1. State the number of residues belonging to the range A:312-330 that are out of contact with any helix residue (DSSP H, G or I) (no Cβ under 7 Å at 6 or more places or on another chain), surrounded by fewer than 21 Cβ atoms within 10 Å (Cβ to Cβ) and either among the hydrophobic types (A, V, I, L, M, F, W, C) or not in a loop (DSSP other than H, G, I, E, B) (or both).
2. Just checking, does the range A:259-266 include any residue being surrounded by fewer than 19 Cβ atoms within 10 Å (Cβ to Cβ) and modelled with pLDDT of 85 or more?
3. With the requirement that a residue be without any contact (Cβ under 8 Å) to a residue 60 or more places away in the chain, over 30 Å from C:ASN84 (Cβ atoms) and away from chain A (no Cβ under 11 Å), what does the range B:136-176 give you?
4. For the range A:331-379, name all the residues that are surrounded by 15 or more Cβ atoms within 10 Å (Cβ to Cβ) and of a type in the set (Val, Ile, Thr).
5. When you scan the range C:151-179, how many residues do you find that are outside any helix (DSSP H, G or I) and of a type outside the set (S, T, N, Q)?
6. Out of (1) part of a strand (DSSP E or B); (2) farther than 18 Å from C:ILE189 by Cα, the odd one out for C:VAL143 is which?
7. For the condition assigned to a helix (DSSP H, G or I) and either modelled with pLDDT of 90 or more or away from chain A (no Cβ under 13 Å) (or both), what is the one hit in B:ALA179, B:ALA184?
8. Among the helices (runs of 4 or more DSSP H) lying completely within the range A:43-118, list those that include at least 1 residues that are more than 30 Å from A:GLY138 (Cβ to Cβ).
Amino acid sequence: MKTYNDLEYLRLSKGQKFLYRLVSFFAAIPVALKNGCLGIGRFFKNLAAAIGRELADIVLTFKNGDWKTRLSFLIMGFGSMARGQVLRGLLFLLFEAVFIFYMIMGGGHWLSLLSSLGRIGPHDEYSAVLDAYTKVYGDNSFKILLYGVLTIFFIIALVYTWRLNIKQNKIAEDILRSGKKLRSGKEDLKSMVDDQFHKTLLALPLTGIILFTVMPIIFMVLVAFTNYDGSHDGYNNALFTWVGLKNFRTMLTWSGSGVNYSATFGEILTWTLIWAFFATFTNYFLGMFVAMMINKKGIYLKKLWRTVLVLTIAIPQFISLLYVSKMFAKNGIVNGLLLDLGWITQAIDFMGSQANNALLPRVMVILINIWVGIPYLMLITTGILMNIPADLYESSRIDGANAWQQYTKITLPYMLFITGPYLLTSFTNNINNFNVIYLLTGGAPTNAAASGAAGSVGYTDLLITWLFKITMGAESQYYMASVIGILVFLVVAIISLVVYNVLPSIKNEEDFQ
Amino acid sequence: MSNKRHMGLRASAHISNTLIYIVLVVMSVVWLIPFICIVLQSFRVESTWQVGYVIPQKWGWDNYVALWNSDFKRWYLNTFITALATAVGQTVFVLCMSYTLSRFRFKMRQGLMRFMLVLGMFPNMLAMIVLYRVLKDLGLTQANAVPGLILVYIASSGMGYYVSKGFFDTIPKSLDEAARVDGATRAQVLWKIILPLAKPIVIYTILTAFMAPWGDFVLARYISFGTSAGMNVAVGMYSWLQQDMIGQRYTMFCAGGVVVAIPVTILFMCLQKYYVEGVTGGAVKG
Amino acid sequence: MASVKLTKVKKVYDNNVVAVHDFDLDIKDKEFIVFVGPSGCGKSTTLRMIAGLEDISDGTVEIDGEVVNDLQPKDRNIAMVFQNYALYPHMTVFDNIAFSLRLQKMPEDQIYEKVTAAAEVLGITDYLLRKPRALSGGQRQRVAIGRAMVRNSKVFLMDEPLSNLDAKLRNQMRAEIILLRQKLNTTFIYVTHDQTEAMTLGDRIVIMKDGYIQQVGTPAEVFEMPKNLFVAEFIGAPKMNVMRTQLKREGEGYVVTPFGVKLAVDGGKSQELAAKHAPTGEVLLGVRPEHITLAREGQPGAIPCTVEVNEMMGSELHLHVVTEDGTRLIVRVPTIDLEPDQRHGLQRDSRLYITFRGKVMHFFDPESQENLLN
């Protein structure tokens, strides 16, 4: 692609400029992707280098250290205690003790079974007492996987703590050698609310995130490589085990007949993206439009209009969405009203719980989402609109711009610049907008063509509601849900990566900062 | 000439303003109608199923009385307790996280923020399956769903640090520095200087944390798992609108909706100012 | 009440940008030191390292003989005034000033004594119950100073405290800082980008550029004997005129030949040059605008030029003139001696003659830009 310098660019005609920018935008996508991949590569390279440095430092510490330091390699915290930092040393020692206790009490067991996810499943066993075969339960695959992951986490934590303990020894030796005094336990405690305050603050939130977000996600990502489902629940009916990439193959390869996951996935992904696009941009522009109407000079009762809209934010969504879905039901108020007025002779199936018409329900969910979203966008854009410097408008008026030109040349670029990141998050949130779809249509109408796939798929289903349905269904193909989850992550990650890397180049042209 | 032009300007402004008023009135009606309908239907006593008209033929409190005699009380209490606990816990977590990320420059800061960004790209529905099983092992599901829900709501809430970090970033760093020179520890800086100045964002965080449990449906449904005693209002009332129940419970749903909406709406309206500040700031900061 | 000693202090940021290179300085007890330089020269960074607000990458900072590198700001016993005042917006003026005393757990009646006394000195007694928002810029600055004053700290740090004020208020506050200093009688370290502030306030001035100290000296020293061209141009306003010329030996002394006009370097300077074995040949000749005088046509050493801009400052005129080879110079002419018809001759485009004496010349090496008399 030909690139222009600034002066050449200025000489292009309007159409050429637009074309050039469009082409540049798309040309930037591969570069952005490449940079993203390179970044990941760099990350691993740096990681390897860092590990190398750490190892070298550990060896050096052992070589140069005194006996207290060397003993600390085995008994964590020994050096600290021997040098008078009892509190630190005890904490290290306590962690080591807890770790050893955990490994003996179960951790080792879980870890050893992790590769097979359990050897003995539930089976019938003859009991001499009862003189009958009774069901005996064996290993629990679910627990093995869960506690196996937990144990790996624990081991990583131990390695880190062990490293910290060695570093402590080295630092302590250096300090003592330079003739200074070590921090006492009391000073350590004091520093927790001062120079180490950030660690204190982060401790709880990060523990929460690791236990309740990171661990479950890792677990579920692993589930995608197993056959964990309703009939292999890992304990009551059968064990589940590793199956490699089989589930991804099921999801992504095109099979002509039978269960055709890839076609279903493609269909739902397309609708998900269409939905996210419309849900984001209709709300954005209409919300901005409403905000501008209310903000216009000469409009009275501004506060009243805003309050009416904001009121709808306050009411929990499940009430308003469920109620609205019932309003549009076949025997709902809207149909009743239209029938009474004689405008229609037969009730319209807006939400398509029965009909096979995909378009009307899809349009309806987008429209109702506008109803839900405009108040938020009105609030957000009002604040930003009022922050646009008035002199921009004044100078553009002197330059002879009309209202439409002011909007396209000043308001819109300013808004897009300020809210660019917000639009991105809003788009990705809409990809995962479970509530609106599930509460409005529940995915209906049913997509008969996709009946082969798990979790009765409907035309308004998003990937996320499909995922939910799979887990709730009778078969509960958790592994399929997990595959979908991973694919959703990939879609969101790629979109974010591209937009983040391409966005700055658009931003520069409209720099308002 | 100039006089005529002047008149033209004013006339066109008049027309456009009239148009805007018409649009705004129509919008207000469209936005309010569902809520007006809900309130009216909740007083309908002649039938309990969906009907094609809005104004009840017979008015009465029957639906509210029925509500009082149903499990709704329990659900309401469950939700209220959850919301209260979440409001406290989540606020503490979010403020710890966002203040740290805004004010401290430590080695892993950038990495941590990027990590949480990537983590947020996973659909959190995935985690629910595991969380359900873990909570079940801990005995925190079904009838005991409330503490389980609270735990899950609070535990990961640190990831939602974005809006309040944006707010903290707008408080000049020199205030922290001045206080530190004046003899304050970092903890005292947070407590005596930053928190009093961050009142709007604290209220915003409390408000959003308090409101979220009223609308949460998916996780709450998972964890209560069909046990009425552990349900929140959203899960409980959702079941009323299913095929088998809607005939008897539709008007009760409307009444329940009113009972749920009133306190939340009043609270929201009182603290609206802070909500608007938080939402706007959050969008600007991205 | 304390000395401050910086030894090989260095600041390297995470992105490997070096903000301050090997900074060595001994600040004596009760001295008023000014760090001055253009923005980005590292002066504020150095001050913040002394305060403990930035980590010290290398070297040591000592206050009163104690190495404070690892001490938190609160443990260094310093007071600091910030550029944007950094008043706590949610506290009244009284509470702002009392904040540090309350952290020290001082009894309330003692706090009352100290705060009101400081307010008295600064003339802000009437505003004690107001919030900072309700104060003017000058009043806020006074509160910020008051907050620092009540602490009886060892060292008083000021980071561009006057740069947010308008010109008139700045002059007034500058005088007040001099008075304050006499009252407090403690060690001051003051950062500014304004050379006037540096000259009027400092016992000694530290001139910095790109993280390096250029010169340390009393105001008179840096003005009369700038170590290099940067210092020469930075100190003094309008800035020093610099012209490329030849330095030659002539008999006992030296001469220069700017614009083809021969000017003698006077005896004292010549002897100094000779003592330093200053090389002859091309040099950069610096002359301050106030040292150039008007001359008559035909007068020896008269340089012909044309007026380009005439700025009337009241007590003096700033003439921007162009010599015949296109060099631009600035000349300061006191108005008190000018007759009306003479003034007319200084209008735009008029031709005139200027000259300067050998005593006021500064010579710099064209390569290293160092003063030849170093």
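The values are calculated or read from the model by the stated rules, or taken from the named source; none is laboratory data. Bear in mind the structure is a predicted one, so any value in this text is a computation, not a measurement. Heads up, the Cβs are rebuilt from the backbone with ideal geometry, glycines too, and the neighbour counts pull from every protein chain shown.
1. Taking the range A:312-330 and keeping what is out of contact with any helix residue (DSSP H, G or I) (no Cβ under 7 Å at 6 or more places or on another chain), we get A:326, A:329-330.
Going one step further and asking which of them are surrounded by fewer than 21 Cβ atoms within 10 Å (Cβ to Cβ), we end up with A:329-330.
When the remaining residues are screened for being either among the hydrophobic types (A, V, I, L, M, F, W, C) or not in a loop (DSSP other than H, G, I, E, B) (or both), the result is A:329.
So the count comes out to 1.
2. Yes, there is a match, as at least one residue in the range A:259-266 is surrounded by fewer than 19 Cβ atoms within 10 Å (Cβ to Cβ) and modelled with pLDDT of 85 or more.
3. Correct list: B:LEU138, B:GLY139, B:PRO147.
4. Those that are surrounded by 15 or more Cβ atoms within 10 Å (Cβ to Cβ) and of a type in the set (Val, Ile, Thr): A:ILE333, A:VAL334, A:ILE348, A:VAL365, A:ILE366, A:ILE368, A:ILE370, A:VAL372, A:ILE374.
5. To start, the set of residues in the range C:151-179 that are outside any helix (DSSP H, G or I) comprises C:151-166.
Okay, now just the ones that are also of a type outside the set (S, T, N, Q), so C:151, C:154-162, C:165-166.
Count: 12.
6. Unmet for C:VAL143, out of (1) part of a strand (DSSP E or B); (2) farther than 18 Å from C:ILE189 by Cα: (1).
7. Result: B:ALA179 is the single residue among B:ALA179, B:ALA184 that is assigned to a helix (DSSP H, G or I) and either modelled with pLDDT of 90 or more or away from chain A (no Cβ under 13 Å) (or both).
8. Numbers: elements: A:67-72, A:78-82, A:86-102, A:108-113.
Those helices (runs of 4 or more DSSP H) span A:67-72, A:78-82, A:86-102.
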